[in-house]
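The values are calculated or read from the model by the stated rules, or taken from the named source; none is laboratory data. What you see is a predicted model, and the numbers here were worked out from it, not measured in a lab. Cβ placement follows ideal geometry from the backbone for every residue including glycine, while neighbour counts extend to all protein chains displayed.
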Amino acid sequence: MNIVIYGTGGVGGYFGARLAQAGNNVTFIARGKHLEAIQKNGLQLKSFKGDYLVYPANATSNISEVENIDLIIICVKTWQLQEVAEIIKPVLNENTLVISLLNGVNNSEVLTSILGRENVLGGLCKIVSKVEEYGIINHLSYESTIVFGERNNKITEKAQMLESTFVNAGIKTKLADDIQREVWTKFLFISTISAIGALTRSTIGEMIASEEIKKIMIQTSEEIVAIAKAKGVNLSDDIIEKQFQIIDSQPYNTTASLQRDIMDGKPSELEAQNGTIVRMGIELGIPTPVNAFIYYCLLPQEKKARGLN
């Protein structure tokens, strides 16, 4: 397939490298010194699942240079999604598929509002990875997984073709029969650990070891589930228990990207995670005091990172 990875960070760099390793024609969209390093030295993937060097690597900052695109995988941050959708719109053809692997529950709606419904599938990923240095991606933990599906939850020929592409690249893949449930399940996991990790400046292991912090995390997740069910999402009754089994299984020193961004003074996905729950709670008349506390405690730092203070 002719694939574009829009955003060559820890997520896009990993999945793009694996897709290139499997023989797909992959173009990486990057910028600055990261782009320069990829163009000069290739994209180096370091992973406990096996290292790989994409060399030479097709890399550019301008997607208009790429023709006849079969698939665009968007791996930027959530606040960049609308801008990216406007940028990619002119290069789409009727057969181009677009998937966002971003955290958040509104990504498909943002994309379809700009690109229309025919090209967009719902998606998410599960991975712990980061840019170690310019041109180098480090896959730290978690079995790399892509979950995706048609927004109407039908199993289509194009979705099955895409499933085969991911599987052939050695990526654990799930073609969802209810993508909304899958997106909210991932959202529950990431929004339970990320912002509170930034607030406490603690790793997952440190937080779980604290009975008091773990209790707050459970309260956070209970509020998220209440919002999801009010919106008609079909989550199982034991969803929180299952998510905490996953949280408990993470390496002790694991941190989330939102946490790392806030601690580094960078803009984060705070608005797309706990901020979204607070806003939805207000709209639905559902109290979300724990999420609100975490969100508003971190909001001054978020505004400062975005130059709004």
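If you scan the stretch 83-121, which residues turn out to be small (Gly, Ala, Ser) and part of a helix (DSSP H, G or I)? If you could, list the steps in order and put the result at the bottom.
Kept after step one, since they are small (Gly, Ala, Ser), are these residues of the stretch 83-121: 85, 100, 104, 108, 113, 116.
The answer is 85, 108, 113.
Among residues belonging to the stretch 148-175 that are among the aliphatic types (A, V, I, L, M) and closer than 24 Å to residue 43 by Cβ, point out the one that is surrounded by the fewest Cβ atoms within 10 Å (Cβ to Cβ). Give the steps one after another, and end with the answer.
Going residue by residue through the stretch 148-175, those that are among the aliphatic types (A, V, I, L, M) are 155, 159, 161-162, 167, 169, 171, 175.
Next cut, closer than 24 Å to residue 43 by Cβ only: 162, 167, 169, 171.
Values: 162: 23, 167: 14, 169: 23, 171: 20.
So, considering only residues that are among the aliphatic types (A, V, I, L, M) and closer than 24 Å to residue 43 by Cβ, the one surrounded by the fewest Cβ atoms within 10 Å (Cβ to Cβ) is 167.
Going by what's in this entry, would residue 126 be described as within 21 Å of residue 21 (Cα to Cα), in contact with an Asp or Glu (Cβ under 9 Å, 6 or more places away or on another chain) and either assigned by TED's automatic domain parsing to the domain that holds residue 244 or basic (Lys, Arg) (or both)? Answer is yes for this residue.
Yes/no per residue for (1) closer than 19 Å to residue 31 by Cβ; (2) of a type in the set (A, V, I, L, M, F, W, C):
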{"site": "58", "(1), (2)": "yes, no"}
{"site": "66", "(1), (2)": "yes, yes"}
{"site": "74", "(1), (2)": "yes, yes"}
{"site": "87", "(1), (2)": "yes, yes"}
{"site": "107", "(1), (2)": "no, no"}
{"site": "112", "(1), (2)": "no, no"}
{"site": "118", "(1), (2)": "no, no"}
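One residue alone among 186, 215 is free of Cβ contacts under 8 Å to residues at least 24 places away in the same chain, among the basic types (Lys, Arg) and either farther than 30 Å from residue 22 by Cα or in a helix (DSSP H, G or I) (or both), and that residue is 215. Given the criteria of a type in the set (D, E, K, R), farther than 23 Å from residue 118 by Cα, in the same structural domain as residue 168 (by TED's automatic domain parsing) and at pLDDT 95 or above, does residue 70 qualify? Against the criterion (of a type in the set (D, E, K, R), farther than 23 Å from residue 118 by Cα, in the same structural domain as residue 168 (by TED's automatic domain parsing) and at pLDDT 95 or above), residue 70 does not qualify.
Residue 118 - would you say it is surrounded by fewer than 16 Cβ atoms within 10 Å (Cβ to Cβ) and either out of contact with any helix residue (DSSP H, G or I) (no Cβ under 6 Å at 6 or more places or on another chain) or at pLDDT below 95 (or both)? So residue 118 passes the test. For the stretch 246-292, the set of residues classified as touching a strand residue (DSSP E or B) at 6+ places or on another chain (Cβ under 7 Å) and either assigned by TED's automatic domain parsing to the domain that holds residue 77 or not polar (S, T, N, Q) (or both) consists of 251 only.
The rows are residues; the columns are (1) more than 30 Å from residue 252 (Cβ to Cβ); (2) among the charged types (D, E, K, R); (3) surrounded by fewer than 17 Cβ atoms within 10 Å (Cβ to Cβ).
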| residue | (1), (2), (3) |
| --- | --- |
| 50 | no, no, yes |
| 62 | yes, no, yes |
| 72 | yes, no, no |
| 80 | yes, no, yes |
| 83 | yes, yes, yes |
| 109 | yes, yes, yes |
| 129 | no, no, no |
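Residues of the stretch 11-38 that are surrounded by fewer than 18 Cβ atoms within 10 Å (Cβ to Cβ) and either more than 18 Å from residue 146 (Cβ to Cβ) or modelled with pLDDT under 95 (or both): 25, 31, 32, 33, 36. For residue 221, the conditions (1) surrounded by fewer than 12 Cβ atoms within 10 Å (Cβ to Cβ); (2) of a type outside the set (A, V, I, L, M); (3) not in a loop (DSSP other than H, G, I, E, B) are fulfilled apart from (1). Among the candidates 65, 83, 109, the residue that is farther than 19 Å from residue 276 by Cβ and either outside the structural domain of residue 231 (by TED's automatic domain parsing) or touching a helix residue (DSSP H, G or I) at 6+ places or on another chain (Cβ under 8 Å) (or both) is uniquely 65. Every test in (1) crowded, with 18+ Cβ neighbours inside 10 Å; (2) out of contact with any helix residue (DSSP H, G or I) (no Cβ under 8 Å at 6 or more places or on another chain) is passed by residue 54 save one, and that test is (2). Note on the stretch 150-175: among residues that are assigned to a loop (DSSP other than H, G, I, E, B) and in contact (Cβ under 8 Å) with a residue 12 or more places away in the chain, the one that is nearest to residue 26 (Cα to Cα) is 169. Selection of the stretch 257-299 for residues being farther than 25 Å from residue 215 by Cα and surrounded by fewer than 16 Cβ atoms within 10 Å (Cβ to Cβ) yields 264, 265, 266, 283.
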